[in-house]
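Colleague: A single structure is presented below for examination.
Nothing in this text is a laboratory measurement; each read-out follows from the coordinates by a stated rule. Keep in mind that this is a model prediction, so the values were computed, not measured. Here the Cβ positions follow ideal geometry from the backbone for every residue, glycine too, while neighbour counts run over all protein chains shown.
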Amino acid sequence: MSESVAVIGAGLVGALVALGLGHRGYNVTLFDLRDDPRTAGTAIKKNLRSINLAVSDRGIRGLEFVDSEMSARVLKEIIPMHGRMIHTLDGKQESQIYGLFGEHINSIDRAKLNESLLDEIDTFNKTAVNQIKLKFEHKLVNLNFNTRGASVECEVRYGVKRSFDFDFVIGADGSYSNVRYQMQKYIRMDYSQEYIDKCYLELYIPPGENGAFLLNPNHLHIWPRKEFMLIALANSDGSFTSTFFGPWSLTEALKKAEDIETFFLSNFPDAADLIGMENVVKAFTGNPKGALMQVTCSQYHFSDKCIILGDATHSMVPFYGQGMNCGFEDVRILLGLLDEKETREAAFDTYTANRHKDLKAILKLALDNYKEMSTKVISSAYLLRKTLDSF
Ligand code: FAD
C-alpha cells in the first residue's frame with residue numbers, strides 16, 4: 001500500500017508539493033486553515049493582499065519538475081520583465097535591462113497562481129487512483145510523532161477537533177509555521193526570527209483606456225528614494241500592482257490627507273498621476289500595512305516523519321523576489337531526493353545537510369538587495385547629470 005502524507009498549508013509551496021507527491025503515488029491530504037480561496041466570498045478575497053510576484057527561472061524549474069504541462073498552464077498569463085525601469089524624481093524613466101541575451105523575470109498574480117495550482121489538483125484527481133484530498137478550514141493545532149508515523153490534530157469549524165494518522169508530514173504552513181513549532185519539541189532546531197524596520201503597503205495603478213498599460217509592462221518599475229521606495233509590476237488586465245516600502249515610523253506618521261499628498265507629490269509625482277491622489281490617500285489610511293521579517297532555522301526535518309519547506313523554513317524579505325521561487329526550488333530538490341535515495345530518512349537527511357548553505361546565502365542576498373533597489377539603481381549617469389545641472 002502506498003504511504004500516506006499530510007501536507008500542512010495549501011499555499012503556493014504546499015499545493016505544488018502535494019501535486020508532486022501525488023504524481024509519485026503517495027496518498028496525499030492537503031490541509032489549510034483558510035476557506036478554499038476559489039470559493040471564498042469576494043469580501044474575504046478583498047481582504048487578502050493581492051501581491052503580484054516575480055517568478056524566475058528558479059521557480060519555473062520547480063514547477064516544470066513536478067509537471068511541465070501543468071507548469072505551462074499555470075504560467076500562461078505571466079508578463080516577462082526584461083529589466084528595471086527607474087523613475088527619477090524629475091519624472092524621467094531609465095531602462096536597465098537584466099542581460100544581453102533576453103534574460104528576464106516574470107510578473108504573475110499570486111492569488112491566481114495559488115488558485116491555478118489548486119485547480120491542477122482537481123485535474124489530477126480526475127484521472128488518478130490516489131486522489132489528493134483537500135481539507136480546507138482545518139487548522140493544525142497539534143502534531144504527535146510515534147513509531148508508526150504522525151498524528152495530526154486539526155481544529156475544524158466551531159472549535160471541533162479531529163485527528164488524522166499519517167506515515168509522515170510536510171509543513172508548508174508559512175512564516176509562522178506551527179509544524180516548525182511542533183517539530184522543535186522533538187529535535188534540537190536552531191531558529192531565529194528578525195523583523196526589519198520596513199513595512200509594505202499596496203497601491204493600484206488602473207489600466208488606461210481600453211485596458212492599455214500606462215507604463216511599459218515589460219519592466220519592473222522602481223521609484224528608488226533610499227529610505228523608502230515604490231515598485232510596480234504589471235497585471236494581465238492592463239493594471240499594475242504597486243507596493244510602497246518604507247520605515248514604520250514614516251509610514252505610520254502619514255495619517256492626514258494633506259501630509260500624505262505632500263509626501264507623495266514630492267517623492268513620486270508621476271506615480272501620483274497614475275494612481276490618483278484620492279486613491280493614494282485611501283491606500284495609506286485604509287490598506288493593511290505588512291511587516292517584513294526573516295526566519296532561519298536548521299535542521300529542517302525530524303527522522304523520516306516530518307520536514308518543512310517554503311516560508312516555514314526560510315521566510316525572507318521580498319527585495320530579491322525569491323521567497324516563492326526558493327520554495328518551489330525546495331520542492332524540486334526534495335522530490336528529486338525522494339526519487340533518488342533508498343529511504344525517506346536518507347532523503348530528508350541529505351536535504352537538510354545540503355540545503356542550509358544555499359538558503360542562508362539567499363536570505364542574505366534578499367536583505368542586501370534593499371540597498372540595491374532603493375539606492376544603487378540610481379545610475380551614475382543620472383547622478384552626474386544632476387551634479388552638472390546644479391552648477
Ligand atoms: P504561504 O504562502 O504563507 O502559505 C502558507 C499556507 O499555510 C497558507 O495558505 C496558510 O493559510 C496555511 N497555514 C498556516 N498555518 C496553518 C495551520 N496551522 N494549519 C493549516 N494551514 C495553515 N516571492 C517571490 O518568489 N517573488 C516575489 O516577487 C515575491 N514578492 C513578495 C512581495 C511581498 C510584499 C511579500 C510579502 C512576499 C513576496 N514574496 C515573493 C514571497 C512569497 O510571497 C512567499 O515566499 C510565498 O508566498 C511562500 O509560500 P508558502 O506556501 O511557503 O507560504
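Colleague: Given points 7 Å out from each Cα along the Cα-Cβ axis, report the T262 to D35 separation in nanometres with one decimal.
Modeller: Between T262 and D35, the label points sit 4.3 nm apart.
Colleague: Let me ask something else. Within the set K92/K360; K133/K161; K126/K289; K92/K357; K126/K357, which residue pairs have Cα atoms separated by over 29 Å? It would help to have the intermediate numbers written out before the result.
Modeller: Working: K92/K360 37 Å; K133/K161 18 Å; K126/K289 40 Å; K92/K357 41 Å; K126/K357 40 Å.
Over 29 Å Cα-Cα: K92/K360; K126/K289; K92/K357; K126/K357.
Colleague: Per 0.36 nm of contour for each residue apart, how much would the distance between V156 and K133 grow if the chain were fully extended, relative to their Cα-Cα spacing?
Modeller: 6.7 nm is the gain from fully extending V156 to K133.
Colleague: Another question, then. Fewest first, what order do I231, I60 take by the number of other Cβ atoms within 10 Å?
Modeller: I60, I231
Colleague: Related question: In nm, to one decimal, how far is the modelled label at D237 from the one at D165, with both set 7 Å along Cα→Cβ?
Modeller: Simple spin-label model gives 4.9 nm for this pair.
Colleague: Related question: Calculate for the chain the 222 nm mean residue ellipticity that helices alone would give, adding -39,500 (n - 2.57) per DSSP H run of length 4 or more and normalising by residue count, nearest 500 deg cm²/dmol.
Modeller: -12000 deg cm²/dmol
Colleague: Right, next: Estimate the FRET efficiency between E342 and E115 by the formula 1/(1 + (r/R0)^6), using the beta-carbon distance for r and 30 Å for R0, to the nearest 0.05.
Modeller: Working: r = 37 Å, r/R0 = 1.24.
Efficiency at R0 = 30 Å is approximately 0.20.
Colleague: Now for a different question. Loop only per DSSP, at most 14 neighbouring Cβ atoms within 10 Å: give me the trypsin sites (Lys or Arg not before Pro) in region 133-219, ordered by residue number.
Modeller: R148, K185, R188
Colleague: Something else now. Express the C-alpha Rg of region 196-291 as a ratio against the empirical globular expectation 2.2 N^0.38 Å, rounded to two decimals.
Modeller: Normalised Cα radius of gyration, region 196-291: 1.04.
Colleague: If you take the beta carbon distance between Q93 and Y181 as r and set R0 to 41 Å, what does 1/(1 + (r/R0)^6) give as a FRET efficiency, to the nearest 0.05?
Modeller: On the way: r = 46 Å, r/R0 = 1.12.
After rounding, the FRET efficiency stands at 0.35.
Colleague: Hey, another quick one. Classify the chain as rounded, prolate or oblate from the Cα gyration tensor: take a ≥ b ≥ c as the square roots of its eigenvalues, call it rounded if a/c is under 1.5, otherwise prolate when a/b beats b/c and oblate if not.
Modeller: Judged from the Cα gyration tensor, the chain comes out prolate (a/c at least 1.5, a/b above b/c).
Colleague: What GluC sites (Glu not before Pro) in region 126-172 are in a loop by DSSP, with at most 15 other Cβ atoms within 10 Å of the Cβ?
Modeller: Here the GluC sites (Glu not before Pro) that fit, given the DSSP loop and packing criteria, are E137.
Colleague: Follow-up. Can you compute 3J(HN,Hα) from phi for each residue in region 141-151, using the Karplus curve 6.51 cos²θ - 1.76 cosθ + 1.60 with θ = phi - 60°, rounded to whole Hz and x for Gly and Pro?
Modeller: Values per residue, Gly and Pro as x: 10, 7, 10, 10, 9, 9, 4, 7, x, 9, 10 Hz.
Colleague: A further question on this structure: What residue among P247, P80, P318 shows peak mean-square fluctuation when the chain is described by a Gaussian network model with Cα springs under 10 Å?
Modeller: Maximum among the listed residues: P247.
Colleague: Another one. Residues with beta-carbon under 13 Å from that of Y186, excluding Y186: net charge, scoring Lys, Arg +1 and Asp, Glu -1?
Modeller: After counting each charged neighbour, the total is +3.
Colleague: Which far-off residues, 5 or more places away or on another chain, put their amide H under 5 Å from the one on V7, with H placed in the peptide plane?
Modeller: Long-range HN contacts for V7: T29, L30, F31, I170.
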